[in-house]
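Read through the structure below, which is laid out as structure tokens, and then see the notes.
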Amino acid sequence: MVDSISSTIEKVFESFSAERFQYLVYFGVSLVIICFTIILSFSERPVFERFLGSIDPLAAILASIVVGFILLSFLLSKKWFVIFDIGNFLGLIRFSGLAALLGVIMIIIDTRIIFPADTNILFPQSLLFYPAIAFFVEILFHVFPLTVLITIMNSILKKPNFNAILWISIFIISIAEPIYHTLDMVSSKSFPFWAVAYVGLHIFLINFFQLLIFKKYDFIAMYSFRLVYYLFWHIGWGYIRLFWLF
């Protein structure tokens, strides 16, 4: 057990030395997220409160950055996943189109059932808030559970099949967020059944595609997918819908 932990730590340090460019990209993005969070802390409205409650947003973001660094270093040392690969740029563009499509579909759904006016953080705070919260979400709801599930199943199975373990993990993680959102919609009793069912499917697809992107490409590509979706649904439409629907 001790030898295994020692070997893992050694591999992490080796990957950190060999993959400096990937870590520079991670810390560069993290620095931008920290700056956005600090700027938002001077805002008149506590924009993070709806999502983080009484937790200090800067502390939460810093913690997610540290946890993300540790977990991504582990995944990188195992050669299971990549933080950033500049060669994946064309693939990122292709999947960005899919993220935009999903954003447009959700906009169409909103024009039919009309979500509450406070669904989105208002512009211009949204330009800083959504990149920050997206990073937090990717670490907490994707990187963390994926690392835990893969590690546990890989260690308890006598003859682990990594590909099968990965697909099982992706499916399990993809259904967590849809369940949360659909239960919230059902409890409000304000939406028709078809809307609840579709929103659940929609959010499942977002999570599923993101994890596939992480598997096929890298962490930054997965994060960028959510950013593109947020750009259409939360930032752009979040500003327009207040004039159009209310």
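The values are calculated or read from the model by the stated rules, or taken from the named source; none is laboratory data. Everything numeric here is computed off the predicted structure, so don't read it as measured data. As a convention, Cβ positions derive from the backbone with ideal geometry for all residues, glycine included, and neighbour counts pool all protein chains shown. In case anyone asks, the SASA skips ligands and DNA or RNA and just uses the protein heavy atoms, side chains included. Shrake-Rupley method; radii C 1.70, N 1.55, O 1.52, S 1.80 Å.
Where in segment 87-162 are there trypsin sites (Lys or Arg not before Pro) that are in a DSSP coil and have at most 15 other Cβ atoms within 10 angstrom of their Cβ? Walk me through the intermediate numbers first.
Details: sites: 94, 112, 158; in loops: 158.
For trypsin sites (Lys or Arg not before Pro) across segment 87-162 that sit outside H, G, I, E and B with at most 15 neighbouring Cβ atoms in 10 Å, the list reads 158.
Find how many whole Å separate the alpha carbon centroid of segment 150-214 from the alpha carbon centroid of segment 217-246. Rounded to whole Å, the Cα centres lie 20 Å apart. Counting charges near residue 104 (Lys, Arg +1; Asp, Glu -1) among other residues having Cβ under 14 Å from its Cβ returns a value of +1. Segment residue 90..residue 162, full-extension length gain: 23.3 nm, with 0.36 nm per residue of separation and the alpha-carbon distance subtracted. Charge dipole (Cα centre; +1 on Lys/Arg Cβ, -1 on Asp/Glu Cβ; no other charges) of the chain amounts to roughly 560 debye. Counting Lys and Arg as +1 and Asp and Glu as -1 over every other residue whose Cβ lies under 11 Å from the Cβ of residue 207, the net charge comes to -1. Normalising by residue count, segment 170-241 has a Cα convex hull of 88 Å³ per residue. Taking 0.36 nm per residue of separation and subtracting the Cα-Cα distance, full extension of the segment from residue 50 to residue 188 would add 48.0 nm.
Here residue 78 is the anchor, and the lysines within straight C-alpha reach of less than 16 Å, apart from those fewer than 8 places off in the same chain, are 11, 215, 216. DSSP H helices in the chain with Cα extent of 15 Å or more along the helix axis and mean Kyte-Doolittle hydropathy at least 1.6? Within the chain the helices that satisfy the rule are 20-40, 57-77, 89-113, 126-138, 144-156. Annotation for segment 170-246: trypsin sites (Lys or Arg not before Pro) lying in DSSP loop with at most 10 further Cβ atoms inside 10 Å of their Cβ are 189. Taking all Cα pairs closer than 8 Å and separated by 6 or more residues, the relative contact order of the chain comes to 29 percent.
Mean shadow of the chain, computed from the convex hull of its alpha carbons, in nm²? Mind dumping the intermediate values first?
Numbers: hull surface 59.2 nm².
Quarter of the Cα hull surface area: 14.8 nm².
Electrostatic bookkeeping for residue 89 treats Lys and Arg as +1 and Asp and Glu as -1; over the other residues with beta carbon under 15 Å from its beta carbon, the sum is 0. Measuring nothing but protein heavy atoms, the accessible surface of segment 86-168 at 1.4 Å probe radius is 75 percent carbon and sulfur.
A Stokes-Einstein calculation at 25 °C with viscosity 0.890 mPa s, built on the Kirkwood radius of segment 67-165 over Cα pairs, returns a diffusion coefficient of 146 µm²/s.
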